[in-house]
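All of the numbers you see were taken from the coordinates with simple rules; none came from a lab. On a predicted model such as this, the values are computed, not experimentally measured, just so you know. Backbone-built Cβ (ideal geometry, glycine too); neighbour counts: all protein chains shown.
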Amino acid sequence: MPPILLTGATGYIASHTWLALLAAGYDVVGLDDFSNSSPEVLKRLTELSGRELVFVQADVNDRAALDQVFSQHKIAAVMHFAAFKAVGESTAQPLKYYANNLGGLVNTLQAMGRAGVKTFVFSSSATVYGEPQFLPYTEAHPLAAMNVYGRTKLMGEQILRDLEAAEPDWRIGWLRYFNPVGAHESGRIGEDPQGIPNNLMPFVQQVAVGRREFLSVFGGDYDTPDGTGVRDYLHVMDLADGHVAALRYLLEKQTSVTVNLGTGVGYSVLDLVNAFSRAAGKPIPYKIVDRRPGDLPSYYADATLAKSLLGWEATRSLDDMCAHSWRWASQNPHGYAA
């Protein structure tokens with residue numbers, strides 16, 4: 001079978017998915033411009049996979065570069081990970097997010113159309129649901145993103161719906177992720193955000209390795225079991241396996257699919273902190289601070305559709321997520337820069 005093209009291939013989720021695809025027997029062409037990742041990832045993926053990787057350094061907004069990829073490689077399908085993802089930054093720099101997350105998506109789809117490739121897996125997000133009208137979120141929950149990042153995902157979904165309506169021979173997978181955490185169990189690849197982390201787990205990791213004095217927990221007075229926010233944390237390798245399952249579904253069933261990828265279990269911030277403390281064998285200092293505007297008290301997935309359609313479900317526990325994150329963080333206290 002021809003290879004699968006991964007855009008944003010050296011990013012956090014894509015790099016783990018690259019390994020999962022290779023393990024499942026797929027060939028892969030990776031594409032990234034390293035705007036939010038490190039070339040070191042390629043060395044580590046080569047080491048972990050035991051294979052020579054096919055990689056193109058390019059920006060998804062570069063039409064000529066994409067056309068060249070499609071002309072040089074007979075691509076079977078595309079998994080699109082090339083998007084900025086920091087909620088706070090998206091609010092401060094909306095045009096940067098719309099230009100990259102939507103412009104890059106459209107450019108990729110146009111290049112696919114010119115090459116006659118019409119199987120596409122889209123990294124969407126649980127942020128498309130907005131304020132919960134009911135929990136757990138099912139795929140039928142109304143859509144109402146609450147921030148610029150979430151709106152780029154929601155608009156991306158709509159672009160793809162309009163494309164499929166106009167050209168019904170497209171096969172599209174809309175994968176709505178919940179909260180990916182963890183790392184490859186080897187500890188060789190993991191999450192390495194640039195600047196101040198936007199997500200909880202990298203923040204906890206940086207406290208655990210001594211890069212930060214304490215964790216700021218935003219809000220301790222929510223209507224949740226311990227007062228802190230509740231989220232559906234999902235091991236990144238389970239998420240990677242979900243991409244493989246979605247790709248297989250699109251190729252075999254020749255029909256599009258929209259699914260949540262989550263565990264269906266909500267854990268609080270302090271649940272995660274305590275699990276990480278067990279994994280690291282030391283306490284994680286934290287302070288309860290004011291709530292962040294726009295944060296929801298609680299949300300988690302109904303992931304039964306992914307199980308029934310894709311045969312996929314998350315299998316790794318919160319303790320696995322924290323143990324693997326700690327292995328990554330302790331071996332790479334400064335991420336890939338070290």
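Odds and ends about this structure:
- Normalised radius of gyration (Cα atoms, divided by 2.2 N^0.38 Å) for the range 39-102: 1.41.
- Note on MET155 and ARG292: with the Förster distance fixed at 22 Å, the Cβ-Cβ geometry gives a FRET efficiency of about 0.40.
- Per-residue ³J(HN,Hα) for the range 285-290, Karplus 6.51 cos²θ - 1.76 cosθ + 1.60, θ = phi - 60°, Hz, x for Gly and Pro: x, 8, 10, 7, 10, 4
- Think of the chain as a dipole: +1 on every Lys or Arg Cβ, -1 on every Asp or Glu Cβ, centred on the Cα centre; then among ALA314, GLY335, TYR26, GLY335 lies furthest on the positive end.
- For LEU215, residues with placed amide H under 5 Å, excluding near neighbours: TYR286, LYS287
- Between the listed residues GLY50, LEU215, TYR98, the Cα displaced farthest toward the positive end of the dipole of the chain, a dipole computed from Cβ unit charges relative to the Cα centre, is found at GLY50.
- Note on the range 67-191: percent of Cα-Cα distances in each 10 Å bin, starting at 0 and stopping at the bin with the largest distance, equals 12, 38, 34, 16, 1.
- The range 188-297 - charge dipole about Cα centre, Lys and Arg +1 at Cβ, Asp and Glu -1, debye rounded to 20: 320
- Table column - 3J(HN,Hα) (Hz), the range 146-152, Karplus curve with 6.51, -1.76, 1.60, x for Gly and Pro: 9, 8, 4, 4, x, 5, 5
- The chain: calculated mean residue ellipticity at 222 nm from DSSP helix runs of at least 4, using -39500 (n - 2.57): -12000 deg cm²/dmol
- Computed about the Cα centre, the dipole magnitude for the range 1-87 is approximately 180 debye when only Lys and Arg (+1) and Asp and Glu (-1) carry charge, each at its Cβ.
- Ratio Rg/Rh, restricted to the range 216-286 and using Cα atoms, in which Rh is the Kirkwood radius: 1.16
- Within the chain: Cβ-based charge dipole about Cα centre, in debye rounded to nearest 20 (Lys, Arg +1; Asp, Glu -1): 340
- Centroid-to-centroid separation of the range 273-306 and the range 38-80 [C-alpha atoms, Å]: 34
- Using alpha carbons only: equivalent-ellipsoid semi-axes of the range 231-338, gyration tensor based, whole Å: 30, 19, 13
- The calculated Kirkwood hydrodynamic radius for the range 275-336 is 15.1 Å, given to one decimal from all distinct C-alpha pairs.
- Around the amide H of LEU234, modelled in the peptide plane, lie the amide H atoms of ASN179, VAL181, all under 5 Å away and 5 or more residues distant in sequence or on another chain.
- The range 192-254 versus the range 113-160: alpha-carbon centroid distance in Å: 18
- Within the chain, the percentage of alpha carbon pairs spaced more than 25 angstrom apart rounds to 50%.
- Here's how it looks for SER125: its modeled amide H is under 5 Å from those of TYR177, which are all 5 or more places away or on a different chain.
- Between ARG212 and ALA76, the simple label model (points 7 Å from Cα in the Cβ direction) yields a spacing of 4.1 nm.
- Order of SER49, SER125, SER298 - criterion: other Cβ atoms within 10 Å of each residue's Cβ, fewest first: SER49, SER298, SER125
- Scattering profile of the range 109-154 at q = 0.27, 0.33 Å⁻¹ [log10 I(q)/I(0), Debye over alpha-carbon scatterers]: -0.90, -1.13
- 0 to 90° range, to nearest 10: angle between helix 318-331 axis and the chain longest Cα axis: 90
- Diagonalising the gyration tensor over the Cα atoms of the range 165-252 and scaling each eigenvalue by 5 before taking the square root yields semi-axes of 33, 19, 12 Å, largest first.
- Residues listed by number, the range 62-95, amide nitrogen under 19 Å from ASP169 label point at 7 Å toward C-beta: 70-71, 74-78
- Helix 236-253 vs. the chain, principal-axis angle (Cα, 0 to 90°, nearest 10): 30
- Normalising the Debye intensity of the range 1-63 to I(0), with uniform scatterers on Cα atoms only, and taking log10 at q = 0.27, 0.28 Å⁻¹ returns -1.24, -1.33.
- Burial order of peptide ranges 150-160, 272-282 (average beta-carbon count within 10 Å, highest first): 150-160, 272-282
- Karplus (6.51, -1.76, 1.60) ³J(HN,Hα), θ = phi - 60°, over the range 165-171, in Hz, Gly and Pro reported as x: 5, 7, 10, x, 7, 6, 10
- Spatially close lysines, pair count over the chain: Cα under 26 Å, gap of eight or more or interchain: 15
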